[in-house]
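As structure tokens, the structure follows; a few thoughts come after it.
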Amino acid sequence: MGFLSRNVRKFTTAESFCLYMEGLRSLQLYQELASKSSVAQPVSKAALDLKLNDAARNLSACVATYPEDLLPRYYYGIQLSTQAQRVEAEQLQMYLNNQAPAPWPSPQAEEIYRRSAGEFDEASARAQGEVRTFAQYNRAQVLAKMNDPDGWGIALEILRSLNGSQTSSTGPRWSLSAIRHFIWSGEVSGAIPGAVASAATYLTEKNALNAQLEMLIGFLQLRQAARDGTLNFGMFPLPRASEADQPSQPASVLSEVALHRVNDFQDAKDIFEESARIPKGGQKDGGARASKQLISFIATIEHRDLPAQAKSDLLADYWNKWSRVALEFALRPGRGQTDILKLIQLAASYAAESERLKGADSWTPALLNQAFASVLVGGDAQPLLAAVVGQDQEVAPPPPATTPDATTIVSYILQMPSGTSADTIADLVLRAFGPLKKSTLQEVVRGLDFDKLKVELIDEISKLLFAHGSDESA
């Protein structure tokens, strides 16, 4: 079991292990909190920021101080990738508030993704076996999210090498689920139930990884084709979402707001690519070939020997990746308004189908694509973005103090037994009604029955209440 090498299991010092576990726990708490957020009920932004920042602080400190330890670096890569998605949403919020340019892409998010890919690259160089495979795959995933064709090329090389390495038949080894447990817990014990996979379990999980590799390769080729102009509208699949979920009469032209935003996004893309010196060019038939391969892939997914959860996740990821491709294709130069609008609406449908298959309304990748689609048709994407980044919890001001009713206070005093002292009456009134304004106290004095209370008693009560009265402006 090569992956259980010194590089994976051993921590340099106890402090390294503590930093790692604290960072891991904060990342887990962030993910748990984020999973509870929704459009209808976003969670606290401050709470999300706190957990993710805690994870970043501990994991980055561990990596910087103990660079030889593998697991902190691996999970620091995950934290950075998570942070980059969050930054995308925050930048889109800032754009809608006229505080930043259109994030297409977000330079800040791109830089964080680049750092994440670097951590996975370093982790894969230090690891062996399946842990190395996971680090390489995660690096390819991060590169695939970026807007760098050179990075896409590197990702394709990684994925193709992994795809080839997974086709060889081997005997039962540690299952992928056991390795996921190992990486998360930071420990391995022979007593873990099911740690050693059966041949059947290993085969199905190896098939799941191969399916992920195959799909990501197809979508990278599709993004290249969309960028190179070798994709056309007819190559996009029909979404599986119910017709009832679609608008009965979708708009046929972009509104003035939508057109302005589309121009903003196209300009931002041009500026980014020029500053990054991203080259142009590609294969002439890339779009048709990639589209056919992906549509064929998803048509056979139900018949593959895969874990049920893997099938569900692959389907959700499939439609969400189509959503991002549709958005990118819509914003390429030379597109007419009608086609732009159709593609954006298609992207929204894909993302909605992805969210339905995922069975949760808090999946960040789908929420982001829905938010971008909403922005580009002139809609209000703030609720979608709040589900991703959280929402500042407004503290309701305390209810204004109600002015005691003078008639009620008079009745309260007159019900007291005869002979009750002025001190006692005043104390009970203050306890029951609080300090009285001067105007209220005047009404109380005028309302007291002089036949039941002596003038001297009323005078003493009024003096005591006046001494403890509230400011008139309160």
**OP:** Would you tally the residues in region 323-348 being surrounded by 20 or more Cβ atoms within 10 Å (Cβ to Cβ), in contact with a Ser or Thr (Cβ under 8 Å, 6 or more places away or on another chain) and not hydrophobic (A, V, I, L, M, F, W, C)?
**Re:** 1
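Could you please let me know if residue 162 is touching a residue at least 60 places away in the same chain (Cβ under 8 Å) and assigned by TED's automatic domain parsing to the domain that holds residue 223?
Values: touching a residue at least 60 places away in the same chain (Cβ under 8 Å): no; assigned by TED's automatic domain parsing to the domain that holds residue 223: yes.
Considered against the rule, which asks whether it is touching a residue at least 60 places away in the same chain (Cβ under 8 Å) and assigned by TED's automatic domain parsing to the domain that holds residue 223, residue 162 comes out as no.
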Original post:
Do the conditions hold for residue 75, that is, is it over 16 Å from residue 387 (Cβ atoms), buried (at least 22 other Cβ atoms within 10 Å of the Cβ) and among the aromatic types (Phe, Trp, Tyr)?
Top reply: yes
Original post:
Which residue out of 63, 39 is surrounded by 20 or more Cβ atoms within 10 Å (Cβ to Cβ) and either touching a residue at least 40 places away in the same chain (Cβ under 8 Å) or within 20 Å of residue 381 (Cα to Cα) (or both)?
Top reply: 63
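Which residue is farthest from residue 35 (Cα to Cα), if the candidates are limited to region 333-367 and must be hydroxyl-bearing (Ser, Thr, Tyr) and either touching a residue at least 60 places away in the same chain (Cβ under 8 Å) or outside the structural domain of residue 36 (by TED's automatic domain parsing) (or both)?
In this case the residue turns out to be 338.
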Subject >> Residue within region 91-113 that is under 16 Å from residue 382 (Cβ atoms), of a type in the set (A, V, I, L, M) and not in a helix (DSSP H, G or I) present >> reply: yes
**OP:** Kindly indicate which of 45, 36 is assigned by TED's automatic domain parsing to the domain that holds residue 264 and touching a strand residue (DSSP E or B) at 6+ places or on another chain (Cβ under 6 Å).
**Re:** 45
Original post:
Would region 442-455 turn up any residue that is aliphatic (A, V, I, L, M) and without any contact (Cβ under 8 Å) to a residue 12 or more places away in the chain?
Top reply: yes
Subject >> Residue count, region 299-329 (criterion: more than 17 Å from residue 355 (Cα to Cα), among the hydrophobic types (A, V, I, L, M, F, W, C) and touching a residue at least 60 places away in the same chain (Cβ under 8 Å)) >> reply: 3
Original post:
Got a sec? Which of 80, 59 is touching a Lys or Arg at 6+ places or on another chain (Cβ under 6 Å), among the aliphatic types (A, V, I, L, M) and either closer than 30 Å to residue 125 by Cβ or in a helix (DSSP H, G or I) (or both)?
Top reply: 80
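The values are calculated or read from the model by the stated rules, or taken from the named source; none is laboratory data. Quick caveat, the model's predicted, so the values are computed rather than measured. Every residue, glycine among them, receives a Cβ derived from its backbone with ideal geometry; neighbour counts consider all protein chains shown.
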